[in-house]
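Structure record follows, encoded as structure tokens.
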Amino acid sequence: MAEGRRATVVLFAALRDAADTAAVEVDAPVRLDVLLGDLADRFGPRFAERSRIAAVMVAGTPVDRDEDVTIPAGAEVALLPPFAGGATG
């Protein structure tokens, strides 16, 4: 594939642990649903289970994983597992 036709997927917390890597380069452009399926196949059932509830950001913008989204070459995709917390009191 021609150089520059890639996107970077950055994995956080439990997703990073399940994949045993913090980031992966993928061919782009690619549809989000295809990307998520390919990552689940690549990293196995533990990753697949956790990724089903992950928040997805493309180039810093939250996206709905159920929308028809195409990831362009050069984009950064962040997969973030659910988190909780905040100030109390």
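The values are calculated or read from the model by the stated rules, or taken from the named source; none is laboratory data. All of these numbers come straight from a predicted model, not from anything done at the bench. Backbone-built Cβ (ideal geometry, glycine too); neighbour counts: all protein chains shown. These area figures cover heavy atoms from the full protein model, side chains too; ligands, DNA and RNA do not enter into them. Shrake-Rupley method; radii C 1.70, N 1.55, O 1.52, S 1.80 Å.
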Qualifying residue in segment 27-36 (condition: in contact with a Leu (Cβ under 8 Å, 6 or more places away or on another chain) and part of a loop (DSSP other than H, G, I, E, B)): no
Among (1) touching a helix residue (DSSP H, G or I) at 6+ places or on another chain (Cβ under 6 Å); (2) open to solvent by 80 Å² or more (accessible area, probe 1.4 Å); (3) of a type outside the set (Phe, Trp, Tyr) - the single one PRO45 does not satisfy: (1)
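Residues checked against (1) closer than 21 Å to ARG5 by Cβ; (2) surrounded by 13 or more Cβ atoms within 10 Å (Cβ to Cβ); (3) small (Gly, Ala, Ser):
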| site | (1), (2), (3) |
| --- | --- |
| LEU15 | no, yes, no |
| VAL30 | yes, yes, no |
| LEU39 | yes, yes, no |
| ARG50 | no, yes, no |
| THR70 | yes, yes, no |
| ALA75 | yes, yes, yes |
| PHE83 | no, no, no |
Within segment 37-71, tally of residues that are part of a loop (DSSP other than H, G, I, E, B) and basic (Lys, Arg): 2
Any pair with Cβ under 8 angstrom, 6 or more apart, that starts in segment 47-65 at a residue that is at positive phi and ends at one that is in a loop (DSSP other than H, G, I, E, B) and of a type outside the set (Val, Ile, Thr): ALA59/ALA75
